[in-house]
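Everything on this sheet refers to the single structure shown next.
Read-outs throughout are calculated quantities, based only on the coordinates presented, and are distinct from any laboratory measurement. This one's a predicted model, so the numbers in the text were calculated from it and none came from an experiment. Here the Cβ is made from the backbone with ideal geometry for all residues, glycine too, and neighbour counts use every protein chain on show.
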């Protein structure tokens with residue numbers, strides 16, 4: 001069903017762009033948002049867009065914000081008295097689950113079940129954001145949010161602790177997962193191209209800027225084609241390109257890599273090779289060196305290989321794919337070609353099939369001092385493991401460039417084998433609180449330090 005129903009916009013919808021469904025393999029916890037369709041490409045999540053081809057489509061600009069609405073279901077009994085027929089139609093519409101009012105979706109998210117270290121508190125920062133994934137923190141209390149299957153980019157205005165207004169900036173895009181800001185412009189990554197929305201932060205209340213195509217040089221394969229993007233300390237835009245397969249030996253200059261380009265799209269350079277599918281990276285706030293997550297291959301059993309946390313202190317390093325996984329596991333097919341010792345091993349094994357996605361160094365000052373410069377990693381969770389794993393936020397503590405320890409920071413989105421949320425990305429607000437996006441529940445959470 002289309003995802004625009006009931007969102008109080010006059011937007012034109014794009015047929016076939018929002019193929020949401022229910023995953024029968026994921027039971028719905030009581031009070032939870034229904035699961036999205038299973039995704040054989042990544043670790044579950046929302047379906048990729050149903051495209052007629054691989055060419056990126058022209059975005060449809062959006063300007064009208066979604067506004068809060070009263071809960072609909074309590075009104076049905078009153079409506080039934082006045083007009084039984086109309087009440088039946090409204091009830092049928094609600095049953096489709098295509099949209100929830102901004103003011104009521106948070107009631108469906110049992111954040112009280114999330115377990116955190118003592119002193120921390122979690123709340124729903126924003127809801128009714130179908131497919132919310134990558135986060136970019138702007139100025140003047142605005143968060144920009146990318147998606148995959150939803151094909152949309154959102155702007156979320158907030159008061160520091162809660163969203164106050166949500167706008168859809170563009171829709172009909174081809175898996176616009178990545179969002180990044182530089183000099184007032186918003187960069188959005190589709191599968192094969194990078195778009196730029198100039199002066200976006202000062203034009204949210206007026207006519208939105210038309211997108212400029214920065215580059216369309218990237219491969220069109222949609223398997224691992226969605227991209228996390230970010231500007232590095234060198235002011236260049238870093239763009240990963242995943243392997244177009246579960247396991248294969250693709251062109252090392254086109255796939256399974258992290259690249260960087262100038263802000264105008266020029267001077268393409270491969271920074272790291274042998275990277276199967278990175279959907280999160282950041283730079284150490286003291287050294288300026290690149291760290292990134294990487295998703296391990298599938299179908300080698302429940303317990304191997306591990307997802308990885310990697311460190312790239314310089315360009316030109318190779319991290320093993322497809323020849324070696326987790327630093328010490330030769331691939332059954334490609335491992336005969338090259339030995340694991342030829343490649344850079346991960347600094348940490350994060351666990352098998354946890355789907356380690358977004359990661360950030362914590363640079364805020366709200367959390368206790370021991371959290372300074374720790375890494376927070378969003379684990380989206382397994383999609384084909386016989387027993388589910390992940391669905392949490394992990395904390396990694398460093399000593400220099402060595403991982404001293406890793407531990408679970410936030411968990412509870414997985415209850416037994418029931419899933420009601422899937423963390424995707426993390427970001428730090430100016431006040432030092434931590435945001436966590438969730439594409440399964442269509443929400444963003446805020447974790448704050450409340451003190452012991």
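Structure values in brief
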{"read-out": "Cα-derived Rg over Rh, computed across region 393-436 with Rh taken as Kirkwood radius", "value": "1.06"}
{"read-out": "431, 439 arranged by Cβ crowding within 10 Å, fewest neighbours leading", "value": "431, 439"}
{"read-out": "Cα pair distances in region 306-355, grouped into 5 Å bins until the bin that holds the longest one, percent each", "value": "5, 24, 27, 24, 14, 4"}
{"read-out": "Rg to Rh, two decimals, where region 289-388 supplies the alpha carbon set and Rh follows Kirkwood", "value": "1.03"}
{"read-out": "Shape parameters for region 60-449, alpha-carbon atoms, Rg then Dmax in Å", "value": "21.2, 75"}
{"read-out": "Order of 349, 227, 314 under a 10 Å beta carbon neighbour criterion, fewest first", "value": "314, 349, 227"}
{"read-out": "Estimated inter-spin distance, residue 205 and residue 162, nm [label 7 Å along Cα→Cβ]", "value": "2.2 nm"}
{"read-out": "Ranked 433, 167, criterion: other C-beta atoms within 10 Å, fewest first", "value": "167, 433"}
